[in-house]
């Protein structure tokens, strides 16, 4: 099976051949002579491999990969071929353990780049923590180019590029960050705004609207009703809403909000609610609790994130007919607003008049005359009347207020981070900032360039701070020298691994106290860090890379064909499902086999319907549910996130899904297809079954060697459509045949058959998972030099069924993590 | 732009006098003596306009059967037969990348991001290769519109695109306020001293690093040098006024007002073509790329998404819809070509003669997810057009790019670009 790794196919050409006599281990050569040379020798050289000429060369990673392949082939019994005479077991063990010993002597990463530029997320988080500045909304990393991916990972040293383009952006962002961190002398006074007041006032001849605005009428008692949700796509601002002000807040700062809200009329007038036929519109599910959503709304003309102008902060399932008070303190950047919506309300089309026609049952006249204009003006209050009379489903906002800006201290801490404590020397200020920014203790003579910049001009200090924010020691994670990481480097590696940000003060103190090379202590710290909420960063980023979830965005599901995918926020929910599932296994220290199959999953109401599972009433929180025996949803492979990532947004292909399983679940990376292959047109006009179509290219010799291992795996997932919904036939009506076989030829039926086979030997799965964890943790590719240590970890996970959290502890204290 | 004046004026007084009403600077036929000579010289320079599409075109329908000048129009090209003599169509240009959608970004470089390390120029795309050489002549070395997934620098950085038409308009045609210019100047100066300091600091770091990391840090030093160069250029441009457009043009007004931002794909594409035209015409840049992705055009007879249709599997229902979309796209190109053909330049030529227009994709077949034999069409420039060239998978796509670069730079000694080491055979440039 290991034939699939590139080594034999491409790398063996690279040998520098030399006489076999220079090879010292006579017994290896003896073994080769007896069992291998006939095919892999001077005469035949199958797979372009000549074992009589193979030398040990620890500096050549291609040669090392071949040695690793020899171990794998022999241990897995792939070679010599079954129809040849088989070597003695003891001989095989003698040979492989001898080679392994050689591998064990190799320390460290070998010749590889380990100098890592902070990626976008790391930069963002690091700036936040370094300056204690709130950059959630106006993210200084936004203008940076996308980070290069290596096997799905965005934190691998080699792929993180620096360019003049990027450096220009870094310079700009540094200036903005310092602007944002520093404040004028005078502390602004907080102002209070409420809902229901006349919103317009004049300030310096300009009209402003500082109070809450809404697109519905205010009732006599000062409350408003949110009744509709007409978003085209979740997150667009067409939904009916209540917004904190029209212009946004006047200054950066904390703002305190108090909302009194109540869910009313749930389940009433269901017929009326369900009248919208167009599948694009949101349906009202009377069995779900009403959901209040709170958003950050970007200043007009600015987008928050990729294409939307608002960011969901939180949502609540509201208990029926119970007024609750929500008090929140949000940081808002200048111009930003807060918005409330009824997330799972029915859609009625965007026009008030359409809505009125529907709920009143009266048609408005088509004529556009004065009488109609007058009438239309009254519609909002007429709507209110009907809504109240019929007690239609709604979220009533009894009151809303905003007060701010507030600051914890004045000037805020970030100001002091830039300018230092009052009366402090310039040298001291720069040294303190540089030590934090470089994430190590810095001597004064190392930073003379910045100190002189600071002393150069009246604005010198801020220029120096900007310069430090553009310096190589800030922008790169540095691990210099060879051998074991020093305490400070461990603190950095650990912090970026688990929290994706710079080490906090405590970690830096522990590093200064030289505590972190102690493995028992390191495990204790790791456990604590995993328990911290910041470890969500690890969960999110690791899953995203491991399971290639980027694909769900790059090749996002066809919005016409899978209209409900966006409608019911499946894209967000499915990622949340996988995160919650992963976290559960991590926090409860459960075995890794649960990633392959489990009798539980986490779903919300929308996802439960998506999966055809019984009703779950929560639309916000994810509930753990126990699956029926033989359910197809257990483990990662039944989750919509994985099934969407392994499709292409339009249809499924056993090749793509098979490859996905091979690479991400079994950890095997096949060689790329050879050049100059004419790939046949896939004829879907119904002459052949899907199985027959794919069989065609497996009959071509150059395709067959890999595809006979790829496609059959993919067929196991054919029962899921491109967005993870169960199906038993294709849209053409053709019945789905989910049978296939494992790379070793064992046949299986459908997804559960596949899972059983993976569970039977968890070595491959665990090796894949552990290698990827290590890649993420160290920011470099794993090579054959790392194999011995990885295999020890794999053994723990497989044989001892070590829990997942303990496995992370083992990884952190492994030689791979603790060395350069 | 055919404004006729019977007196000659200097550029400066012209600008002064007309306030906001004026026009594209370089190609106005009214300047005198040396100014006019400069105009003529600029007019004669080659420009490049690219439309990059995501799923290729249905190959059987796009590629003509016969080769040479007497080929019969294919189904798709039939729609633009009226400009037959203004373009050349190519088939079987070798595009040795794999990955289907994942390799579409290699359209303009012939090299994917993952393979970039194996090539001396990385996966630098043709537009960035050209921008390196001639970018300093214009305010913008190059411009990317709409989707930023088609353009990469020598170091593998994906060059982001301007994503909304109104923003592109502001960048090109709206002058910064005096105050903002002043603050830009100030920040350029402070950036200069920052760059000095971080260079010195990085030199200290370099001494501590191992061999591989030292090499990696070179990227940082190169970036500092590049940034310094860029800043020097920005300073030069800062005080030069941006070109002014004729007031009262509804199309440009609506673009600058943001009417086409985040609108339907059709409206956006029209706006981008307009901006591409204006960018080239005002010599704001000489290199523009419009990149489109999985956009769903609002077209009569198309109900399924573009991406869905591209997975046609030979089924008629999808092929028919694709035919409509593809007709729409090639027609956009022919409209643009005709527009250029109607513009008279100061040197007496049409603007088409000095503008190469490239349409293509990094994907060959959206249905099979292959990248070989992509649909490629080149119009404009001083080529001897009107033919179909079948490269028989013997000449790489990059050979065409090399030819285009040679033409752009008027330097026929350039020996290589990306994976090509010779110009495309059979495509002739007529120097008249």
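Since every read-out is calculated from the coordinates, none of them should be taken as a lab result. Predicted model only: the values in this text are computed from it and were never measured. Here the Cβ positions follow ideal geometry from the backbone for every residue, glycine too, while neighbour counts run over all protein chains shown.
How would you classify the range A:513-637 from its alpha-carbon gyration tensor, with a ≥ b ≥ c the square roots of the eigenvalues: rounded for a/c under 1.5, else prolate if a/b is greater than b/c, otherwise oblate?
Details: a/c = 2.45, a/b = 1.76, b/c = 1.40.
Because a/c hits 1.5 or more and a/b exceeds b/c, the range A:513-637 counts as prolate.
Determine the distance separating the Cα centre of the range A:428-480 from the Cα centre of the range A:507-536; give it in Å without decimals. Centre-to-centre distance over Cα atoms comes out at 26 Å.
Sort A:645-655, B:342-352, A:536-546 for me by packing, meaning the mean count of neighbouring Cβ atoms within 10 Å per residue, highest on top.
Details: A:645-655: 23.0, B:342-352: 17.4, A:536-546: 19.8.
So the peptides A:645-655, B:342-352, A:536-546, ranked by packing, come out A:645-655, A:536-546, B:342-352.
Given the options B:222, B:355, B:72, which has the most mean-square fluctuation in a GNM of chain B, springs set between C-alpha atoms less than 10 angstrom apart? In this elastic network of chain B, the residue with the biggest mean-square fluctuation among B:222, B:355, B:72 is B:222.
How long is the gain from residue B:196 to residue B:298 if the chain were fully straight, where each residue apart is worth 0.36 nm and the alpha carbon distance is subtracted?
Details: separation 102, 0.36 × 102 = 36.72 nm, distance 5.25 nm.
My answer for the length gained is 31.5 nm.
Estimated at 0.36 nm per residue, the fully extended path between residue A:452 and residue A:58 surpasses their Cα-Cα distance by 137.2 nm. Taking every residue in B:216-227 and counting other chain Cβ atoms within 10 Å of its Cβ, the average works out to 6.
The long axis of helix A:701-715 is offset from the longest Cα principal axis of chain A by roughly 40 degrees.
Working ranking of peptides B:180-189, A:739-748, A:128-137 by packing, defined as the average number of other Cβ atoms within 10 Å per residue, highest first, is A:128-137, A:739-748, B:180-189. Between the helical axis of A:460-470 and the longest alpha-carbon principal axis of chain A there is an angle of about 50 degrees.
Cα gyration tensor of the range B:176-240, axes a ≥ b ≥ c as square roots of the eigenvalues: rounded (a/c below 1.5), prolate (a/b > b/c) or oblate? Prolate shape, in that a/c is at least 1.5 and a/b is the bigger ratio. Peptides A:72-84, A:396-408, ordered by how many other C-beta atoms sit within 10 Å of their residues on average, highest first, read A:396-408, A:72-84.
For chain A, the 222 nm mean residue ellipticity estimated from helices alone, with every DSSP H stretch of n ≥ 4 adding -39500 (n - 2.57) and the total spread over all residues, rounds to -11500 deg cm²/dmol. Our note on the geometry: Cα centres of the range B:243-308 and the range B:39-98, 21 Å apart. The C-alpha atoms of chain A define a longest principal axis, and helix A:536-546 lies at about 50 degrees to it.
As a calculated quantity, the FRET efficiency between residue B:261 and residue B:133 at R0 = 25 Å, using C-beta atoms, amounts to about 0.15.
Peptide A:645-651: average number of partner chain Cβ atoms within 10 Å per residue? Intermediate values should be presented prior to the final figure.
Numbers: counts 0, 0, 0, 5, 6, 9, 3.
Rounded to a whole number, the mean comes out at 3.
Find the centroid of the Cα atoms in the range A:237-270 and in the range A:332-395, then give the distance between the two in whole Å. A separation of 16 Å, based on Cα centres. Between B:196, B:176, B:320, the GNM of chain B built on Cα springs shorter than 10 angstrom shows B:196 fluctuating the most. Here the Gaussian network model covers chain B, with springs between Cα atoms less than 10 Å apart; of B:300, B:235, B:200, B:200 fluctuates the most. Assuming a ≥ b ≥ c are the square roots of the Cα gyration tensor eigenvalues, decide whether chain A counts as rounded (a/c under 1.5), prolate (otherwise, with a/b larger than b/c) or oblate. Judged from the Cα gyration tensor, chain A comes out oblate (a/c at least 1.5, b/c at or above a/b). Averaged over the residues of peptide A:113-123, the number of Cβ atoms from other protein chains lying within 10 Å of each residue's Cβ is 3.
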